[in-house]
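Take a look at the structure below.
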Amino acid sequence: MKDRYQGIDFFRIIAAAMVVGIHTFPFSSISPKLDELITLTVFRVAVPFFFMTTGYFLMGKLSFQQSYLNRKRVQSFLIKILKLYVIAILLFLPLSFYTGTISTRTSLVKGVSAFFFEGTFYHLWYFPAVIIGVLLVTYLLRVMSFSGVMMISFLLYLIGLGGDSWYGWLKGIEFVSLFYTNLFKVFPLTRNGLFFTPLYLCLGIYLYRKGKTKNIKEIPFFLVISLMLTLIESYLLHTYTEIKHDSMYFFLPFVMLFLYQLLLRWQPKIKWKTKEELPLLIYVIHPLVIVVIHTISSRILFLKISLIYYLLVLCGSWLLSVFYLHLKGKKKEISPVPFRAEKKILKEDVSHNVSEIKKIIPRKTKIIGVVKANGYGCDLVGFSQLLLKEGIDFLAVATIDEAIKLRKAGIASDILILGYTDPKRIEEIAFYDLIQSVISEEHGRLLNIRKMAIRCHLQLDTGMHRLGMQPELGAVVGMYQLPYLKIEGIYSHLGSADLLDEFSVNRTKRQIESYQAVLKGLKDLGIDYGVTHIQSSYGILNYPELNFDYVRAGIILYGFLSDSIQEPKQKIELKPVLEVKAKLISKRYVKANEYVGYGTNYQLKKETLIGVVSIGYADGLPRSLSNQGLVLMCQDKRMTQIGNICMDMLLVDLSQAEDVPLNSEVMILSSDNIEQIVTDEGTLTNELLSRLGERLTTDIKN
């Protein structure tokens, strides 16, 4: 967990120790009253703390936005907890039968109740409680405001309170007693996911929504007051009433509200680095240790001293948990997975290129990482994750499907769709929290009539005449007035930024002036037009003096220029991030005058050792490279491509590499030959890279 939440992380261990205390009564040998006031009152902050942590870190964002990623996080959490619950049930199944919690005579109704509310062993109730609580609060957040969810959760807590610690007092009221008698037919206890959990989840969400508390000087005072009131409440209830259970107190939520705010700010001097799973493991395992210590203490009587008993259980649970994590953390030596054809992404070179771009652009200007066309052939998801690690938190793609793929891979950054998206897919734009380019006035109006609010950037056609609306102020203002388009930015694309001849420079300057004129007009009208960006890779290199909010870095992120025809104005030291390799899968001697491969384009002049390499034009290697003298490298030896390149394979002349063994790696594309291939083919690096097929596996190397 991040350093800013060290207090939360540290208290998770303390809370786990409190739960162990609740099940061992550490002060019973000293004074039962101490257990009432400390174990059954103060220690009761433990489980609400875990619930609030779930609310704060898991559901806080969801309360603001029901986006795909926020829902996915909740879904993944629920699946994880359900799996753990099933494993815990199986682990404690023998003890469950031994203690009679479940048996062969257990009715279906009781079995269902045990699974969904009580747990099949006394401490396992936490798992269904958190699952049901999260499901309930998630649903309520979808259908009402957070304040409404908070109110319902508080009312449910009051109902639960009446069936818990306050039951002994309230059961004297006839209609209340009747209500709880019927309620207990369904729920043996109200300490469950319906009545207990939602309020604490909501308190965690509330603190997340509230943000940092600026003035915390008074919080310790309120914490002490609320804790004293809880202790008084507990003392009175335990002394003068017959309580049904003591998990819920009226003043306990107030204790938690103030305690959690302090924990969020707490930076303990002791930095205890531990695995996140440790508190949960202690929680799950400790009843097994209780059984062991209980058995031993029947023979060694001094172990029955409550405090010693508690410490033994706690230490035993901790040691077992740490031992399990140690075994789990041992990484088996994994042999590299054999590949057919592979692209290797060099992580350090990505970092280098980002740093080089940052040296050129203005200090306050940020980078939009353009990852369209499968990340220029370098792997859409893998390359995007590398950019995020480099601090680039805004990505751009060409299509909605590319954007959705990123979201499904867990990419949470802003994602701009540069191309056209059919208005019929507006629900997907909203659901996946994407930013759609409005590519024309008509496109904007068609999106708006769908009556679903979406995030947008307005694209202007300042002179490239491909996409974008005309830079006419009135029409642009009209777009900002459409109620369902949340326009967060405005941009254009330079058509000749890669060329420095006089005509191209003048064209580019006219585009920039047109763009700036629209921005000025919007500003004069008091319209907040959002973020601005007009430079792509060559705009960055040839017009570094421009100062907008973002630049759209494409091919230069990958360490290449589009071609080597003209040097850019701004020199930049780029490192190509990509290498493509394949395997030598066959070798054979072929007699002179034989034709090699498809067709009769290549005839051997002498007996030759030829090899087959496992890559073809279906993997993105242009077929037009056939018989053009393409040189491949393997173990520092040259292999010349011969014959027509096939869909899945190509042939090479092994005359200079006869001793290269089968299954050797063959370098197909690298910084040594990509530029030459592009020049010979009369194309762009962009085209060559973006052709690389998804059959190529990806290996990201440091």
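Converting the Cα gyration tensor eigenvalues of region 477-551 into ellipsoid dimensions via √(5λ) gives semi-axes, longest first, of 26, 12, 10 Å. For the chain, a crude dipole built from +1 on the beta carbon of Lys and Arg and -1 on the beta carbon of Asp and Glu, taken about the Cα centre, is about 2020 debye to the nearest 20.
Please work out the C-alpha center-to-center distance from region 569-605 to region 77-121 and express it in whole Å. Cα centroid of region 569-605 versus Cα centroid of region 77-121: 62 Å apart. Below 8 Å between Cα atoms, with a sequence gap of 6+, how large is the relative contact order for region 541-646 in percent? The normalised contact order for region 541-646 reaches 20 percent.
Taking Lys and Arg as +1 and Asp and Glu as -1, the other residues whose beta-carbon sits under 10 Å from that of Leu380 total -1.
Which angle between 0 and 90 degrees, to the nearest 10, do you get for helix 6-22 versus the longest principal axis of the chain when only C-alpha atoms count? The helix 6-22 is inclined about 40 degrees to the chain. Inter-part distance, region 185-258 to region 146-181, computed on C-alpha centroids, equals 14 Å.
Sorting Asp549, Asp461, Asp672 from the fewest to the most surrounding beta carbons within 10 angstrom yields Asp672, Asp549, Asp461. For the chain, what is the calculated [θ] at 222 nm in deg cm²/dmol (nearest 500), taking -39500 (n - 2.57) for each run of four or more DSSP H residues and dividing by its residue count? So the helix-based figure for the chain works out to -14000 deg cm²/dmol. Under the criterion of Cα pairs below 8 Å and six or more residues apart, the relative contact order for the chain equals 12 percent. Relative to its residue count, region 565-701 spans a Cα convex hull of 123 Å³ per residue.
Against the chain, whose longest principal axis is taken from its Cα atoms, helix 174-186 shows a tilt of about 50°. Placing dummy labels 7 Å off each Cα toward the beta-carbon, the span from Gln481 to Val322 is 7.0 nm.
Residues whose amide H comes within less than 5 Å of that of Val666, counting only those at least five positions distant or on another chain, are Ala582, Lys583, Leu584 (H built at 1.01 Å from N in the peptide plane). Between Gln75 and Tyr98, the C-beta separation translates, for a Förster distance of 25 Å, into a calculated FRET efficiency of about 0.10. Using the structure shown, list the pairs from Lys359/Lys405; Lys581/Lys606; Lys358/Lys389; Lys83/Lys347 with a Cα-Cα distance above 26 Å, or answer none. Lys359/Lys405; Lys581/Lys606; Lys83/Lys347, as the Cα separations exceed 26 Å there.
Annotation for Ile232 and Ser147: the two label points, set 7 Å from Cα along the Cα-Cβ direction, are 3.1 nm apart.
With distances taken between every two different alpha-carbon atoms, region 177-246 has a Kirkwood hydrodynamic radius of 15.4 Å. Lysines near Lys212 by alpha-carbon distance under 18 Å, same-chain residues fewer than 8 away left out - which ones? The qualifying lysines are Lys2, Lys61.
Classify region 47-218 as rounded, prolate or oblate from the Cα gyration tensor: take a ≥ b ≥ c as the square roots of its eigenvalues, call it rounded if a/c is under 1.5, otherwise prolate when a/b beats b/c and oblate if not. Cα axes put region 47-218 in the oblate bin. Measuring max minus min along each principal axis, the C-alpha atoms of region 228-377 give extents of 74, 43, 31 Å (largest first). For the Cα atoms of the chain, what angle does the longest principal axis make with the long axis of helix 502-524, in degrees from 0 to 90, nearest 10? Helix 502-524 sits at roughly 30 degrees to that axis. P(r) tail, region 341-558: Cα-Cα pairs separated by more than 32 Å, 16% of all pairs. Once the convex hull of all Cα atoms in the chain is built, its volume per residue stands at 239 Å³.
FYI, it's all coordinate maths here, none of it is from the lab. Computed from a predicted structure; not experimentally measured. Quick reminder, even Gly has a Cβ in these numbers, built from the backbone with ideal geometry, and neighbours come from all protein chains shown.
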